[in-house]
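K.L.:
Just passing along the structure, written as structure tokens.
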Amino acid sequence: MALRYYHAEPLANSLKSMIPLVEKGLAYESIYVDLHKFEQHSDWFTAINPEGQVPVLDHDGTIVTHTTVINEYLEDVFPDAQPASGPLRPRDPAGAARMRYWNKFVDEHVMNYVSMHGWHRLVRVIASAIEDDRFEELMSHVPLPDQRRKWMTARSGFEQKDLDHATGKITYALDKIEAHLGENAWLAGDSYGLADINFYAHCGLMVDRMFPDLRVNETRPNIAAWRDAIGDRPAVKQALASEDRTQPGLRTWSGDGRE
Ligand SMILES: N[C@@H](CCC(=O)N[C@@H](CS)C(=O)NCC(=O)O)C(=O)O
């Protein structure tokens, strides 16, 4: 059994499937894909994922893409590899349905909106520093039309009305989840799992730094406590510390946290 995980820095989607790998104690080869060098659109990578995006899981030649799909795949293939806190996907159908409801909510109503703000601030700097001809050439290798448009928009900056709409979506999600965590310890109910990991990787982890005006720590104490509880988990700490580097290369994780 061999697992390979192609990913960028431990944030957003790359973090979202790395945490379950570490929580489940699975040994995997970590392959860093350098987004700053547009490696995700290069021939070697699109031969693995024709959509030209990270992360990608390769399990003995079975390629799985899209984090929500990867995370459920790991539950299906490794049902018994679970953290002491309990299964990452509830075993009862009602619990699994609640988990999928929150995954769908984060995937459809949170992820792209936080991402827009991230791209507006960070990717804009990278993209606008590239000369026109070179940028056009790079764009010709982006396989997904929507993603190509996003790169081109990021270069000049997103429109304020779109950024405001995104902030509204994020505020709505924070209020909804704050209320939910007032009555439930975790998103899907009694125990920590994939839905928590999803919202944490896309929003919870960095929301107070990205959106200081929302004053999440002061105004949403349930989210702040939930975020800190996740951040205290050894597997999460390990995932966050794992790939803070700029050099591409290959690392092998033994599954017990040691390289
Ligand atoms: N729905 C996909 C989204 C993947 C995605 O947006 N990946 C980003 C990194 S967080 C990426 O590869 N961006 C670079 C690009 O599209 O050029 C998933 O869940 O994995």
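The values are calculated or read from the model by the stated rules, or taken from the named source; none is laboratory data. Keep in mind the model is a prediction, meaning the values are calculated, not measured. Virtual Cβ from ideal backbone geometry, glycine too; neighbours counted across all protein chains shown.
K.L.:
Scan region 111-138 for residues that are more than 28 Å from Asp208 (Cα to Cα) and near the ligand (Cβ under 10 Å from one of its atoms) and jot them down.
P.N.:
Leu138 - this is the single residue of region 111-138 that is more than 28 Å from Asp208 (Cα to Cα) and near the ligand (Cβ under 10 Å from one of its atoms).
K.L.:
Just wondering, is there one or more residues in region 182-197 that are of a type outside the set (Ser, Thr, Tyr) and modelled with pLDDT under 95?
P.N.:
yes
K.L.:
May I ask you to verify whether Met111 is under 18 Å from the mean Cα position of the chain (by Cα), crowded, with 19+ Cβ neighbours inside 10 Å, under 21 Å from Glu51 (Cα atoms) and modelled with pLDDT of 95 or more?
P.N.:
Yes, satisfied.
K.L.:
Another question about this same structure. Please determine, by comparing only the residues of region 7-23 that are of a type outside the set (A, V, I, L, M) and more than 10 Å from the ligand (Cβ to nearest atom), which one is farthest from Glu39 (Cα to Cα).
P.N.:
Ranking the candidates gives Glu23 first.
K.L.:
Can I ask one more? Restricting the search to region 51-97, which residues are of a type in the set (Ser, Thr, Tyr), more than 9 Å from the ligand (Cβ to nearest atom) and closer than 20 Å to Met1 by Cβ?
P.N.:
Of the residues in region 51-97, the ones of a type in the set (Ser, Thr, Tyr) are 62, 65, 67-68, 73, 85.
Cutting the leftovers down to more than 9 Å from the ligand (Cβ to nearest atom) gives us 62, 73, 85.
Listed by number, the residues that qualify are Thr62, Tyr73.
K.L.:
Sticking with this structure for a sec: Could you count how many residues in region 125-150 are crowded, with 17+ Cβ neighbours inside 10 Å and either in contact with a helix residue (DSSP H, G or I) (Cβ under 6 Å, 6 or more places away or on another chain) or free of Cβ contacts under 8 Å to residues at least 24 places away in the same chain (or both)?
P.N.:
Qualifying residue count, region 125-150: 4.
For every residue, the table says whether it meets (1) more than 23 Å from Ala195 (Cα to Cα); (2) charged (D, E, K, R); (3) in contact with a Gly (Cβ under 7 Å, 6 or more places away or on another chain).
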site	(1), (2), (3)
His36	yes, no, no
Trp44	yes, no, no
Val54	no, no, no
Leu57	no, no, no
Asp60	yes, yes, no
Ile63	no, no, no
His66	no, no, no
Val69	no, no, no
Glu72	no, yes, no
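K.L.:
Same structure again: Taking the condition assigned to a helix (DSSP H, G or I) and within 17 Å of the chain's Cα centre (by Cα), does Leu57 pass? Walk me through it before giving the result.
P.N.:
Numbers: assigned to a helix (DSSP H, G or I): no; within 17 Å of the chain's Cα centre (by Cα): yes.
Here the answer is no, as Leu57 does not meet what is asked.
K.L.:
Then there's this: All but one of (1) near the ligand (Cβ under 9 Å from one of its atoms); (2) touching a strand residue (DSSP E or B) at 6+ places or on another chain (Cβ under 8 Å) hold for Tyr32; which doesn't?
P.N.:
Checking Tyr32 against (1) near the ligand (Cβ under 9 Å from one of its atoms); (2) touching a strand residue (DSSP E or B) at 6+ places or on another chain (Cβ under 8 Å), the one that fails is (1).
K.L.:
List the number of the failed condition for Asn103; all other conditions in (1) assigned by TED's automatic domain parsing to the domain that holds Leu205; (2) among the polar types (S, T, N, Q); (3) near the ligand (Cβ under 9 Å from one of its atoms) hold.
P.N.:
Against the list (1) assigned by TED's automatic domain parsing to the domain that holds Leu205; (2) among the polar types (S, T, N, Q); (3) near the ligand (Cβ under 9 Å from one of its atoms), Asn103 comes up short only on (3).
K.L.:
Spot the failing condition for Asn49; the list is (1) within 23 Å of Val142 (Cβ to Cβ); (2) assigned to a strand (DSSP E or B), and only one is missed.
P.N.:
Unmet condition: (2).
K.L.:
Still on this structure, I have one more. Output the number of residues of region 17-37 satisfying the condition of being surrounded by 19 or more Cβ atoms within 10 Å (Cβ to Cβ) and under 21 Å from Pro143 (Cβ atoms).
P.N.:
Here the count works out to 4.
K.L.:
So, one more: Restricting attention to region 153-163, does a residue exist that is of a type in the set (Asp, Glu) and more than 19 Å from the chain's Cα centre (by Cα)?
P.N.:
Within region 153-163 (the criterion being of a type in the set (Asp, Glu) and more than 19 Å from the chain's Cα centre (by Cα)), the answer is yes, since at least one residue qualifies.
K.L.:
Residues that are closer than 28 Å to Asp60 by Cβ: list the helices (runs of 4 or more DSSP H) wholly contained in region 72-142 that include at least 1 such residues.
P.N.:
Working: elements: 93-109, 111-118, 124-128, 132-139.
It comes to 93-109.
K.L.:
Can you tell me which residues in region 38-50 are surrounded by fewer than 16 Cβ atoms within 10 Å (Cβ to Cβ) and charged (D, E, K, R)?
P.N.:
Asp43
K.L.:
Please state which of the following conditions Ala185 fails to meet, knowing it meets all the rest: (1) over 25 Å from Ala129 (Cα atoms); (2) within 16 Å of the ligand (Cβ to nearest atom); (3) not aromatic (Phe, Trp, Tyr).
P.N.:
In the conditions (1) over 25 Å from Ala129 (Cα atoms); (2) within 16 Å of the ligand (Cβ to nearest atom); (3) not aromatic (Phe, Trp, Tyr), Ala185 misses (2) alone.
K.L.:
Among the residues of region 209-224 satisfying the criterion of being over 14 Å from Thr167 (Cβ atoms) and touching a Leu at 6+ places or on another chain (Cβ under 8 Å), which is surrounded by the fewest Cβ atoms within 10 Å (Cβ to Cβ)?
P.N.:
Filtering first and then ranking leaves Asn222.
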